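We did not get these values from a lab; they are worked out from the coordinates using the rules stated. Computed from a predicted structure; not experimentally measured. Ideal geometry is used to build each Cβ from the backbone, glycine not excepted, and the neighbour counts take in all protein chains shown.
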2 protein chains.
Amino acid sequence: MSRQMVRPGGRSARVQASVHTAVRELEAEVGRDGLTVPLIAQRAGVTPSTIYRRWGDLAQLLSDVAVERLRPDATPQDHGGLESDLTAWAEQFLDEMASPAGRAYIRDALLGDPDGSNAGQCSAYAADQVDVILTRAAGRGEDTPGVETVVDHVVAPLMYRILFRPAGLDAAHARGLVAELLEGDAAGK
Amino acid sequence: MSRQMVRPGGRSARVQASVHTAVRELEAEVGRDGLTVPLIAQRAGVTPSTIYRRWGDLAQLLSDVAVERLRPDATPQDHGGLESDLTAWAEQFLDEMASPAGRAYIRDALLGDPDGSNAGQCSAYAADQVDVILTRAAGRGEDTPGVETVVDHVVAPLMYRILFRPAGLDAAHARGLVAELLEGDAAGK
DNA sequence: TGCCCAGAAGCAACGGATTTGCTTTAAGGT
DNA sequence: ACCTTAAAGCAAATCCGTTGCTTCTGGGCA
């Protein structure tokens, strides 16, 4: 969704903005574990019940904020070829996601997400970025795999290891995944 | 670890066992959302502060219990060949993990897991199962990929989709992942 | 333009969860 | 059999989360 579908300018929008801002400020000040709903409410100039009514609980609020932070802020760079584009993107993706902050956001996004929509949004961000790269490559006349194939062979392994097996995960591994994908079957599905 | 490394027979071990049992019983009786630390403590015959001191909070306790439930209860079946073994295992893995209960346990396991050790344990369970299959195949003289390769190409895509994109995930997809892995490069790494 | 209405926020009180200092118990080692 | 130490029990105080009710805001309609 996410949970907010309000017109800009209204009171709801102001409340949402100030709450989100409060979360970010306080996270920087007291750390992730020091966050509580009453604390956030106070900083945002709102009563706790407002937050509980709109977001349900702290986990869901943090999930919303986390998804916002996981949104890519730029389209993937153009390096002139599919392999270099994908490789560069995968390295950057890993860099951002595998950092302590990135992992925390991913966890938050997954955790306070009863219906899975926030997780779906994260996945969509990655898929969109990949799609841009693939479309660009197709425009150059290159043979490209499908988005789903790239998700399975590059995005999923990286994300799985970030969440479950952080050890031994580095840029070389990301490069290897891309290389393996492209050498194996450039037009897979 | 998990969080308990106590000798069997001691008081600590008894407390842990009765608390874990209480969690399972109560989860069946009142449902996942009805669980509270005081409720569990009462059923287990301990005081709430005992649970808070040992596990920290409800999330971490549930994480420990979830990991226990995610432990495979049998070694993978032997179907006489690598491809059929892996395919059957992947299908069963998907079946168990993608079910509502499986997803809930995975979420719980990740949720109350500050240091990632419980997530690591889950991943190790899968890797161990895969390793059994690969070792068996190697014993037959078959060419086998490495465990890490199977994790990247089969386990990770399944888990990623379970967590982030449940739609369009079925046994056929699991079979496809295995087939693709083995046809592409039977000795990958 | 000004009146209404629905949705959202504020307020306040209650119930229960969490924390914490101190005491007591029990396992294991000497 | 004693002693040490880690863990459990106990109880009080605090704080979080929930809820019914009131008040306010802003957009639609006459």
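Here region A:143-173 is scanned for amide nitrogen atoms under 12 Å from the site 7 Å beyond the Cα of residue B:169 along Cα-to-Cβ, giving A:156, A:160. Counting charges near residue A:137 (Lys, Arg +1; Asp, Glu -1) among other residues having Cβ under 12 Å from its Cβ returns a value of -4. Note on A:165-178: average number of Cβ atoms from other chains within 10 Å of each residue's Cβ is 2. Sorted from closest to farthest, the other copies place their residue A:169 label points 1.6 nm away, with each point set 7 Å from Cα along Cα→Cβ. Counting only other chain Cβ atoms within 10 Å of each residue's Cβ, the peptide B:148-161 averages 6. Between A:93, B:65, B:135, the Cα set farthest toward the positive side of the dipole of the protein assembly as shown (charges on each charged residue's Cβ, about the Cα centre) is that of B:65. Using the Cα gyration tensor of region B:111-169, with a ≥ b ≥ c the square roots of its eigenvalues, what is the shape: rounded (a/c below 1.5), prolate (a/b larger than b/c) or oblate (neither)? Note, shape of region B:111-169 comes out oblate. Label-point spacing at residue A:50 relative to the other copies reads 4.4 nm, in ascending order, each point sitting 7 Å out from Cα along Cα→Cβ.
Taking each DSSP H run with n ≥ 4 as -39500 (n - 2.57) and averaging over every residue of chain A yields -21500 deg cm²/dmol at 222 nm.
Classify the protein assembly as shown from the C-alpha gyration tensor, please: rounded if a/c falls under 1.5, else prolate or oblate depending on whether a/b exceeds b/c. Cα axes put the protein assembly as shown in the oblate bin. A Cβ-based charge dipole, computed about the Cα centre of region B:64-122 with Lys and Arg at +1 and Asp and Glu at -1, lands at about 200 debye. Please report the net charge: other residues with Cβ closer than 11 Å to the Cβ of residue B:175, K and R +1, D and E -1. Its environment carries a net charge of -4.
When B:85, B:152, B:131, A:95 are arranged by Cβ crowding within 10 Å, least crowded first, meaning fewest neighbours, the order is A:95, B:131, B:85, B:152. Hey, quick one: spin label on residue B:79, modelled 7 Å out along Cα-Cβ, who in region B:119-153 has an amide N within reach, i.e. under 15 Å? Counting backbone N atoms under 15 Å from the label point, the list is B:130, B:133-134, B:137. The alpha carbons of chain B stretch over 57, 38, 27 Å along the principal axes, in descending order. When chain A is modelled as a GNM with alpha-carbon springs shorter than 10 Å, which of A:136, A:175, A:53 fluctuates the most? Largest GNM mean-square fluctuation: A:53.
The charge dipole of region A:90-189, taken about the Cα centre with unit charges on the Cβ atoms of Lys, Arg (+1) and Asp, Glu (-1), comes to about 200 debye, rounded to the nearest 20. What's the local net charge at residue A:83, with K and R +1, D and E -1, over the other residues with C-beta under 10 Å away? Residues near residue A:83 contribute -2 overall. Label-point distances for residue A:38 to the equivalent site in the other copies, using a point 7 angstrom along Cα→C-beta, read 1.7 nm when ranked shortest first. Dipole check for region A:1-154: with +1 at the C-beta of Lys and Arg, -1 at the C-beta of Asp and Glu, and the Cα centre as origin, the magnitude is about 1120 Debye. Separation of region B:97-156 from region B:30-46 is 30 Å, based on Cα centroids.
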